[in-house]
Amino acid sequence: MENFLKNKKVALIDMDGVIYDSMKYHVRAWQQIVDELNIPFNAEEIYIYEGMVGTEIIDKIFRKATGKEITKERAQELYDRKSQLFREIGHNDPMPGTAEMLKALERAGLRRILVTGSAQKTLLNSINSDFPGAFNPGDRITAHDVTHGKPDPEPYLKGLALAGVRAEEAVVIENAPLGVRAAKGAGAFTIAVTTGPVPKELFEKEGADLIFPSMPEFAAVLDSISGHD
Ligand code: CA
């Protein structure tokens, strides 16, 4: 494979489903919410909405299941409850292969910047101890820094601005179709790693530049193209 990291200075890296194997806990929390509401919904569908602002996801689910709109206040209330459930049932399981992926990026000379739509303190506070040295303090864009969630390009545009690089100098690492759309909208070379059940075709449709079937396979390719296999 050609060296797609050539001339790249920065890697903008998503969190849920990339750094942490956390999507299974989000799915469980969402399933509990819809079960309590007694609306028909298969929580696996969350993988399609991943990256969107939580209240927008509530709105989508509700509209699809009932044909009705939900008030902003009620959506916020349900999202707060979902976040609470996530904190209760979630664990910060590092994604297998991610530590190796981050080290390979470091060896290739790329600065790593976290770009997530999440505001979950439980995960954000654990990154520096779970992946020591992987990110410099302050090298992160979170839900607190943006007004638009993915698929809007804003989170990735802010990541580029924080790094002070042009889009052509950055790669994005994503696991969600809407995350890929946001990254492509920002003009970055976008790598999708399918760490969940979303079919490859959805990433192709969003214009992902490269698609890898798992994090360990992606990490191994990074190592070989940067001459450390
Ligand atoms: Ca993600």
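Listed values, structure above:
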quantity: GNM result for the chain, Cα springs below 10 Å: residue of VAL198, VAL115, VAL172 fluctuating most strongly; calculated: VAL198
quantity: Sulfur and carbon atoms: percent of accessible area, the chain [1.4 Å]; calculated: 49
quantity: Built amide H within the under 5 Å cut-off of PHE189, gap 5+; calculated: ALA170, VAL172
quantity: Residue-wise HN-Hα coupling along the stretch 183-196, computed from phi with Karplus coefficients 6.51, -1.76, 1.60 (Hz; x: Gly, Pro); calculated: 5, 5, x, 7, x, 8, 5, 10, 10, 9, 10, 7, 8, x
quantity: Choice from GLU206, GLU36, GLU217 with maximal GNM fluctuation in the chain (Cα, 10 Å cutoff); calculated: GLU36
quantity: Among ALA183, ALA208, ALA143, residue whose mean-square fluctuation peaks in a GNM of the chain (springs only between Cα atoms under 10 Å); calculated: ALA143
quantity: Sequence-separation-based contact order of the chain, relative, with Cα cut under 8 Å and 6+ spacing, percent; calculated: 27
quantity: The chain, accessible area per residue, ligands and nucleic acids excluded (1.4 Å, Å²); calculated: 46
quantity: Rh by Kirkwood over Cα pairs, then Stokes-Einstein D for the chain at 0.890 mPa s and 25 °C, µm²/s; calculated: 137
quantity: Viscosity 1.567 mPa s, 4 °C: Kirkwood-radius Stokes-Einstein D of the stretch 72-159 over Cα pairs, µm²/s; calculated: 88
quantity: Spatially proximal lysines relative to LYS9 (Cα-Cα < 29 Å; intrachain offsets below 8 disregarded); calculated: LYS103, LYS121, LYS150, LYS158, LYS184, LYS200, LYS205
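The values are calculated or read from the model by the stated rules, or taken from the named source; none is laboratory data. All values reported here derive from a predicted model rather than from experimental measurement. Protein only, heavy atoms only, side chains kept; ligands, DNA and RNA dropped before computing areas. Shrake-Rupley method; radii C 1.70, N 1.55, O 1.52, S 1.80 Å.
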